[in-house]
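Scroll down for the structure; my scribbles are underneath it.
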Amino acid sequence: MDFISFPIELQLLVAEKLESRELSYLSRANHYFHSLCTPVLERLAQEPREWYSALQWAIANNYQSLVQLLLSKGHDINNIGGGSYFATALHEAVSCGNHTLIFLFLTNPALDLNKLDIDGKTALHIALEWDDLEAVQLLHAAGADLEITNKSGRTALLLACHYKHKGIIEFLIRNGANVNARLPVGTDLYVTLLQGLVMHGSERLVRLALEYGANPDVRDSVHQGAIDIAFAWGFTGTVNILREVSSPLP
């Protein structure tokens, strides 16, 4: 008996039992069967898989056509689902380093660009953690807020400093990040970007931060300024740079 002669209900039942590869072969061989299976396939595609929402699963596996289908079917781009962590579609794409999907999501008018995941991170924070300069540039161009802090109180620039991602630090300084944002006391050994850059031993970035207005006179909880830290750590070149701009102790 020819397959297309089976009752439609039976054809659909068979379709649900086939593996995806088998179904693909069959649908290519029979346009009529393909048209019957489309609604079933769309329904199956929208079902959660293990710990993932359908949208997160499609992103994690880089199924771009499925991502577009799910969004067209009304899946919430800002929903915090399951998966490897509870986060939005944009967080997931950034975590996967998928710049094509990042760009796709950034063009979606429904996107909440600065939404926090369950850990209090924006998509920009995730990009910083992965040292993904291209993702940072895409998010910044779309208008990502550079001054939102994570649960540790770090802005994007302070987070980049924490991870010593020098290329991103330079990009953020040159693109308007607040060089005088402060960490809550006790969060790290330093409280300002400039103090952190001194500890990292980067004279070039110290000069750049000063050029963009970093205040060298801010002191930490033990009353140390950037120049005191440079002296204590033996960074003579940095001491000389800071001596030109620091105020003497009263």
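Would you pick out the residues in region 231-250 that are part of a helix (DSSP H, G or I) and under 35 Å from the mean Cα position of the chain (by Cα)?
THR238, ILE241, LEU242, listed by residue number.
Does region 140-157 contain any residue that is in contact (Cβ under 8 Å) with a residue 12 or more places away in the chain, assigned to a helix (DSSP H, G or I) and assigned by TED's automatic domain parsing to the domain that holds ASN180?
yes
Being assigned to a helix (DSSP H, G or I), out of contact with any Lys or Arg (no Cβ under 7 Å at 6 or more places or on another chain) and either within 17 Å of PHE231 (Cβ to Cβ) or among the acidic types (Asp, Glu) (or both) is the filter here; which residues of region 182-209 pass it?
LEU194, GLN195, GLY196, LEU197, VAL198, MET199, GLU203, VAL206 - these are the residues of region 182-209 that are assigned to a helix (DSSP H, G or I), out of contact with any Lys or Arg (no Cβ under 7 Å at 6 or more places or on another chain) and either within 17 Å of PHE231 (Cβ to Cβ) or among the acidic types (Asp, Glu) (or both).
Are any of the residues in region 120-128 assigned to a helix (DSSP H, G or I), surrounded by 22 or more Cβ atoms within 10 Å (Cβ to Cβ) and either touching a Cys at 6+ places or on another chain (Cβ under 6 Å) or assigned by TED's automatic domain parsing to the domain that holds ASP188 (or both)?
No, that holds for no residue.
Out of all the residues in region 71-92, is one or more farther than 19 Å from GLY143 by Cα, assigned to a helix (DSSP H, G or I) and touching a residue at least 24 places away in the same chain (Cβ under 8 Å)?
yes
For residues that are free of Cβ contacts under 8 Å to residues at least 24 places away in the same chain, among the hydrophobic types (A, V, I, L, M, F, W, C) and outside any loop (DSSP other than H, G, I, E, B), tally how many sit in region 210-225.
0
Restricting attention to region 72-79, does a residue exist that is closer than 20 Å to LEU159 by Cβ, surrounded by 18 or more Cβ atoms within 10 Å (Cβ to Cβ) and either basic (Lys, Arg) or under 16 Å from the mean Cα position of the chain (by Cα) (or both)?
Looking for residues that are closer than 20 Å to LEU159 by Cβ, surrounded by 18 or more Cβ atoms within 10 Å (Cβ to Cβ) and either basic (Lys, Arg) or under 16 Å from the mean Cα position of the chain (by Cα) (or both), one finds none in region 72-79, hence no.
Out of everything in region 139-164 that is among the hydrophobic types (A, V, I, L, M, F, W, C) and closer than 27 Å to PHE231 by Cα, what residue ends up being surrounded by the fewest Cβ atoms within 10 Å (Cβ to Cβ)?
Looking at the filtered set, the residue picked out is LEU159.
Mind telling me which of the residues GLY176, GLY167 ends up being of a type outside the set (D, E, K, R), touching a helix residue (DSSP H, G or I) at 6+ places or on another chain (Cβ under 6 Å) and surrounded by fewer than 22 Cβ atoms within 10 Å (Cβ to Cβ)?
One residue alone meets the criteria, GLY167.
Can you tell me how many residues in region 65-119 are of a type in the set (Gly, Ala, Ser) and within 26 Å of GLU147 (Cβ to Cβ)?
6
Confirm whether ASP228 is acidic (Asp, Glu) and either over 20 Å from LYS121 (Cβ atoms) or assigned to a helix (DSSP H, G or I) (or both).
yes
Would you point out the residue of region 180-227, among those that are β-branched (Val, Ile, Thr) and under 25 Å from the mean Cα position of the chain (by Cα), that is modelled with the highest pLDDT?
My answer is THR192.
The values are calculated or read from the model by the stated rules, or taken from the named source; none is laboratory data. If you're wondering where the values come from, they're calculated on a predicted model, not measured in any experiment. Note that each Cβ is placed from the backbone with ideal geometry, even for glycine, and that neighbours are counted across all protein chains shown.
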